[in-house]
Each structure stands twice: as C-alpha cells, then as structure tokens.
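Quick note: the coordinates plus some simple rules give every number you see, no bench work behind them. No experiment lies behind these values; they were computed from the predicted model shown. Here the Cβ positions follow ideal geometry from the backbone for every residue, glycine too, while neighbour counts run over all protein chains shown.
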Amino acid sequence: MSAKGGCAWGAKKSWQTLMIVGAQWGDEGKGKIVDYFAKDVDYVVRYQGGNNAGHTLVVDGEVYKLHLIPSGVLYKNKRIVLGNGMVIDPEVLVSEMDSFTDRGVKLNMLVSDRAHIIFPFHILMDGMIDEYKGKLGAGTTRRGIGPCYADKAERFGIRVVDLLNKEIFREKYNKLFDLKMNTFQRLYRQKVDLNKNEIFNHYWKLGQKLKKYVGDVSVELNEAMDQGKTILFEGAQGTMLDNDHGVYPHTTSSNTIAGGVCTGAGVGPTKIDRVIGVVKAYLSRVGSSPLPSEGNEKEAAHLREKGQEFGTTTGRPRRCGWIDLVQLRHAVRVNGLTSLAITKIDVLGGLKKIPICVNYKLGNKIISNMPASLDIFRKCQPVYKYIPGWQDLTEADFTLIVKKGYNALPINMKKYIKIIEKEIKVPVELISVGPDRKATIKIK
Ligand code: IMP
C-alpha cells in the first residue's frame, strides 16, 4: 500500500483504495465528499450508472455540474476513469468534456472499452416503459439507463469498443436499431421519428472524439494498485436504488452498492480497503416509491427550500423527510460501511425538535429491517424518536466553527450525530455544513 503524507484526514494513509457510496436514495452530497478525499488520490473512478447521476461541486464560489465525469476532474494530475459497469451517452460525455476543456480544465481521462452506449431509442423507450408501469414505475430520469442495461443483459448492447470499429458498429447497430423500431411499432404501437443513418453517422463521429481516451480499465487500475497508487471509487445514486438491495422495482438498473465496484471496474473484492457511506442529515428522494419517513407537506417544503432539493440532472423537486435508521442499518450491512460522512446538517438548524425514524411499525409489529415485500413496505409507518434541535447558524457562524473544529458544534447537533452512530454502529468521520469545499469538519 502506498502511504503518502499530508492527506485530508491527518497523518499517513492506512489504505490504498477507498470507496464512497450513497447510503440513502441518491443525492446525499457524494460529490462534495469525493472531492474532499480526491485531492489525495491518484485515481478517481466511476463504476456504474450513467448520466442519471448529477453532482454539484462548488469550488471558490464557482459551480460545476457533473453527470458522467467523476468529481476528481477539477484536481490537476489526477486520472479520472469511467468504468465498464457504466452506461454512457456519448453525446452527453462529449459535451461535458467540452465544458471542462472550454474552462481550461485538462482532461486526464480513461473510458472503459467495455462500457455500454446509450442511444436515442433507449431514451425514448425509457419514458414509454416507465409510463406503462404506472404505480410500479420508478419515475426514471428518462436518460435511457434501464433500456441500455436491459440490452446489456440481453447481450444485444453496443459497447464503447464497438463504436471504434465501423464494420462491427454497423453490424450491431443495424440489428439493434431494427429490433427497436419493431418494438416501438408492434409492441408499443408508437410511431417514432428516428433516422437510422443520421444516428449511426453521428455516433461514429462521437466515437472518434472519445477514441484517445478509451482503454482497458481493469488492466490499468490493477497495474496502478501494484505500483502503490491510490484509488477512490465514486458511487453514483444510492443504496436504496440498488437493483438487488434497493426498494425493487423502484430502483435504478445497476448495482449502486459497494459490491458494484468489482463488476463495474474489474477490481477484486479483496482490493477494497475502506467504504465510506454518505448520508444526508435528513432524507430526500426523486421519483416514486414508498418513503415511510417522508415529511408532511409543510415539513417537506421547508427541507426542500432550505436544502435546495431540486434534481441536478432533471431539476425535479425532491421529496423530503427525516433520517431513516432502518434504511441506514440496511446500508451499513449491504455495503460493509467502515464510516459515515453526514452532509447538509446545517439545513436542520432552527427546528424545535428533529424526528429520527428508528424503526417501522406494521400494526403492532416493530420492523427493524428493510422488508423485501413492496406490499409490506407500503404499509410501514415510521417510529420516531425526537431530539431537541439547535439554533439556525449563518455561514459566518459555520466558518468560525469549522476553524475551531467538531467541539464547537451546537451541543444538540453533536447529540444527533451520537444517536446515529449508536443506532447504526458505524463511526461518523466527517460532517459537511455547507456546499463549499471548506465547509467540512473532520471528526477525530
Ligand atoms: P433511472 O436510473 O433513470 O432508471 O431511474 C430509476 C430511479 O432512480 C428513479 O426513481 C430515479 O429518480 C432514481 N435516480 C436515478 N439516478 C439518481 C440519482 O443520481 N440521484 C437520485 N435518484 C436517482
């Protein structure tokens, strides 16, 4: 293992690989936490999902919105990687690349040759399928994520490597395009306006723009580890959206939990040293599913406005509520979390009392593990423990607190953190009290 000095959390690193995953429903503020750790690593890697994700980074007051490119991009001399487990819309990737190069950011990027490509027909299909599902739909981001992963599972997908070989690309594309058109017309009875050749030529050109970044992610990462380089794996979405361990079918189509890194980047499970779960101090969710600790209209509106809970990718207002420890215990277990980073705790300031959902109740029965049954989950009621709140603090207050460190936090905020630690049995390592890089407090 490499052990470079001067890192964000003090002395020498005792790890070589670190994962940062969303412990809730996505939008936990992973981008900021990844950014916090990214300055000390050699690689930042994404391994699942696509441009359904959205991170906002604020560096020295400048706002950056990322959908595909990993958060480490803003540091110089860092290699950023898009793993094979991702589904990539090349149109989005190229325009995101341009937005960085236009602002003078140099890209040191590797895109997996095995990642799958999202086409316009995937995007159209995404909306049609989700609408057809009605109440059983996830309220997808309409970015074509599910249909693209479905083609991958069907072994009909087109991968990045295929985009670089015109004959193979044409052979695969023709088959896939015709099948999709048939599906639209015969199954969905929809007339769609997609020009087969135009899309082919456009995607071929996009492939040519990506070409110099394409390579074998598993080979490079494993060689890097052998050379003692440090790697940060950046999860997208959150644990409850994992297709196996989330609230199926209200999930995304990839494995968002820590295990997803093994399949999505070609790195063995024995190579992961630490897994940090990012937890928002309250709850937010875009899209549909039961959400036992969702606040009432007034509470949700308060959290949404104060926390600016609107989707980075879709702009959709997020549903908001209170922290759910049943769900967090599940996240600790399925990810093997080694510590937590709590974000947006400043948003809870000014409330008289703060509810913490410690269990669910179904009739007279207490439920402390996430049920697999959607029917049971729909009927679960939250069991709340209330703790007294703390005063609303300004940015200036927090700047002072950040300088003094953890002990300077309001006493009830520290109690809130302690209750979470005690209930889920994982230490809280970091708290974030504002969007800026500097508004972060390390807990020893
Ligand atoms: P899809 O990933 O677009 O198929 O959407 C499936 C579900 O995951 C929907 O409920 C989305 O709102 C949700 N989702 C997907 N990506 C994110 C994300 O990055 N943050 C929060 N929710 C997400």
Please report, in cubic angstrom per residue, the volume enclosed by the convex hull of the alpha-carbon atoms of the stretch 275-315.
114 Å³
Using the Cα centre of the chain as the reference point, and only Cβ charges (+1 on K/R, -1 on D/E), how large is the resulting charge dipole? Debye, rounded to the nearest 20.
800 debye
Between their Cα atoms, which of Lys352/Lys418; Lys306/Lys422; Lys32/Lys65; Lys30/Lys211 are more than 20 Å away from each other?
Lys306/Lys422; Lys30/Lys211
So for the chain, averaging the separation of alpha carbon pairs under 8 Å that are six or more residues apart and normalising by length, what relative contact order in percent results?
19 percent
Running a GNM on the chain with Cα contacts under 10 Å, which residue among Gly405, Gly277, Gly29 ends up with the highest mean-square fluctuation?
Gly405
Cα to Cα, under 18 Å, and not fewer than 8 places away if on the same chain: which lysines meet these conditions relative to Lys365?
Lys379, Lys385
Electrostatic dipole magnitude of the stretch 162-223 [Cβ: Lys, Arg +1; Asp, Glu -1; Cα centre; debye, to 20]:
440 debye
Tilt, helix 145-154 to longest principal axis of the chain (alpha-carbon atoms), in degrees rounded to tens, equals 60 degrees
With everything on Cα atoms, drop me the angle between helix 411-424 and the longest principal axis of the chain, reported from 0 to 90° to the nearest 10.
60 degrees
Net dipole in debye of the stretch 183-274 [+1 Lys, Arg Cβ; -1 Asp, Glu Cβ; about Cα centre; nearest 20]:
600 debye
Report the one residue of Ile323, Ile168, Thr312 whose Cα lies farthest in the direction of the positive end of the charge dipole of the chain (charges on C-beta: Lys and Arg +1, Asp and Glu -1; origin at the Cα centre).
Ile323
Between the Cα axis of helix 166-182 and the main Cα principal axis of the chain, the angle (0 to 90°, nearest 10) is 80 degrees
Kindly provide the helix-only [θ] at 222 nm of the chain, computed as the sum of -39,500 (n - 2.57) over DSSP H runs of four or more divided by all residues, to the nearest 500 deg cm²/dmol?
-10000 deg cm²/dmol
Quick one: in the stretch 248-396, what % of C-alpha pairs are over 20 Å apart?
56 percent
With θ taken as phi - 60° and the coefficients 6.51, -1.76 and 1.60, list the Karplus ³J(HN,Hα) couplings across the stretch 290-301 in order, rounded to whole Hz; mark glycine and proline as x.
x, 8, x, 9, 5, x, 6, 3, 5, 5, 4, 5
Can you work out ³J(HN,Hα) from phi for every residue in the stretch 334-342, in order, using Karplus 6.51 cos²θ - 1.76 cosθ + 1.60 and θ = phi - 60°, giving whole Hz and x for Gly and Pro?
6, 9, x, 4, 9, 6, 10, 10, 9
Gain on full stretching of the segment that runs from Met181 to Lys404 - 0.36 nm per residue minus C-alpha separation
74.1 nm
Calculate I(q)/I(0) for the stretch 333-444 by the Debye formula, one identical point scatterer on each C-alpha and no solvent, and give its log10 at q = 0.11, 0.15 Å⁻¹ to two decimals.
-0.44, -0.76
Restricting the count to DSSP beta bridges whose residues both fall in the chain, what percent are antiparallel, rounded to a multiple of 5?
45 percent
Per the Cauchy relation, a quarter of the hull surface: what is the mean projected area of the convex hull of the alpha carbons in the stretch 188-246, in nm²?
8.2 nm²
Residue separation between Val192 and Lys425 times 0.36 nm, minus their alpha-carbon distance, gives in nm 78.7 nm
Could you let me know the centre-to-centre spacing of the stretch 101-131 and the stretch 158-218, using Cα atoms, in angstrom?
12 Å
On the principal axes of its Cα set, how long, how wide and how thick is the stretch 116-212? Give whole Å, largest value first.
43, 24, 21
Kirkwood hydrodynamic radius, the chain, all distinct C-alpha pairs: what's the number in Å?
22.6 Å
Please list, in order along the stretch 186-200, the HN-Hα scalar couplings obtained from phi with the Karplus expression 6.51 cos²θ - 1.76 cosθ + 1.60 (θ = phi - 60°), rounded to whole Hz, x for Gly and Pro.
7, 8, 8, 6, 10, 8, 10, 9, 10, 9, 4, 6, 4, 5, 4
